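Engineer: Quick one: the structure is below, and I'll ask about it shortly.
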Amino acid sequence: GAGVSQSPRYKVAKRGQDVALRCDPISGHVSLFWYQQALGQGPEFLTYFQNEAQLDKSGLPSDRFFAERPEGSVSTLKIQRTQQEDSAVYLCASSSPRARGGATQYFGPGTRLLVL
Amino acid sequence: GENVEQHPSTLSVQEGDSAVIKCTYSDSASNYFPWYKQELGKGPQLIIDIRSNVGEKKDQRIAVTLNKTAKHFSLHITETQPEDSAVYFCAAPGNNAGNMLTFGGGTRLMVKP
């Protein structure tokens, strides 16, 4: 079946521009996660949805970052007034919860954002 | 929150040799330990995982061991092949209801033919 898809795959933005990154999770997956991966580092958690509810946004670096998942499937990560330090790969992952925790997270290919 | 340390940061082996990558974690509540492989320009791909009710798990050339007392887990790749060359990440969830993952810093594995 289809995996997690993300679009666009690459985005070049001028500093100050707003961007929107899209994630299509695996069909039926309740949980959706956004991670940010800086060059040469491991992914870092940004935010988490269970269905349409955003249950944790503790990893969002500033109020310029906003995520939504209005119908509990597709999610959009929006970054307003982009800054150079926002340049990174943005990864989306989805999972189907396990009763005892530790659900496997399946990652998309990521969106590589470069802010000039 | 959870803190995951991963070593080494780079590892070079000859084709056919074994490779071992080690991770430590801080939160004793962590009960799930996945390993991901990431190739250039791609997202992380799960290669193996282990849950806290077992100490070792094997899948062909790949194995993971877990020591909950010492709070460390390791990835073992035997009979390495050039296509094993990639960046490998360990992760742990810590104690959070959503099971978001905290990742190690990654190990760049290079398998020389």
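The values are calculated or read from the model by the stated rules, or taken from the named source; none is laboratory data. Model, not experiment: these values are computed from the prediction. Methodologically, a virtual Cβ is constructed for each residue, glycine included, from the backbone with ideal geometry; neighbour enumeration extends over all protein chains shown.
Engineer: For B:Leu11, only one of the following conditions fails: (1) over 11 Å from the mean Cα position of the chain (by Cα); (2) within 14 Å of chain A (Cβ to nearest Cβ). What is its number?
Structural biologist: (2)
Engineer: Check off (1) modelled with pLDDT of 95 or more; (2) within 24 Å of B:Gly1 (Cα to Cα) for A:Val30 and give me the number that stays unchecked.
Structural biologist: Against the list (1) modelled with pLDDT of 95 or more; (2) within 24 Å of B:Gly1 (Cα to Cα), A:Val30 comes up short only on (1).
Engineer: Quick check on the stretch B:76-101: of everything there that is within 30 Å of A:Leu55 (Cβ to Cβ) and at pLDDT 95 or above, which residue is surrounded by the most Cβ atoms within 10 Å (Cβ to Cβ)?
Structural biologist: Here the answer is B:Cys90.
Engineer: Right, another one. Out of B:Val20, B:Val87, B:Val54, which single residue is of a type in the set (A, V, I, L, M, F, W, C) and under 27 Å from A:Pro109 (Cβ atoms)?
Structural biologist: One residue alone meets the criteria, B:Val87.
Engineer: Further question on the same structure: State all residues of the stretch B:47-63 that are surrounded by 15 or more Cβ atoms within 10 Å (Cβ to Cβ) and in contact with a Ser or Thr (Cβ under 7 Å, 6 or more places away or on another chain); if no residue qualifies, say none.
Structural biologist: B:Asp49
Engineer: Counting only residues that are exposed (fewer than 14 other Cβ atoms within 10 Å of the Cβ) and closer than 22 Å to B:Asp84 by Cα, which one in the stretch B:16-41 is nearest to the other protein chains (Cβ to nearest Cβ)?
Structural biologist: Among them, the one singled out is B:Gly41.
Engineer: Additional query: Give the residue that is surrounded by the most Cβ atoms within 10 Å (Cβ to Cβ), with candidates limited to residues of the stretch A:38-58 that are in contact (Cβ under 8 Å) with a residue 24 or more places away in the chain and not in a strand (DSSP E or B).
Structural biologist: Ranking the qualifying residues of the stretch A:38-58, first place goes to A:Pro43.
Engineer: Looking only at the stretch A:62-91, filter to residues that are within 14 Å of another protein chain (Cβ to nearest Cβ) and touching a Gly at 6+ places or on another chain (Cβ under 6 Å); which one of those is surrounded by the fewest Cβ atoms within 10 Å (Cβ to Cβ)?
Structural biologist: A:Val89
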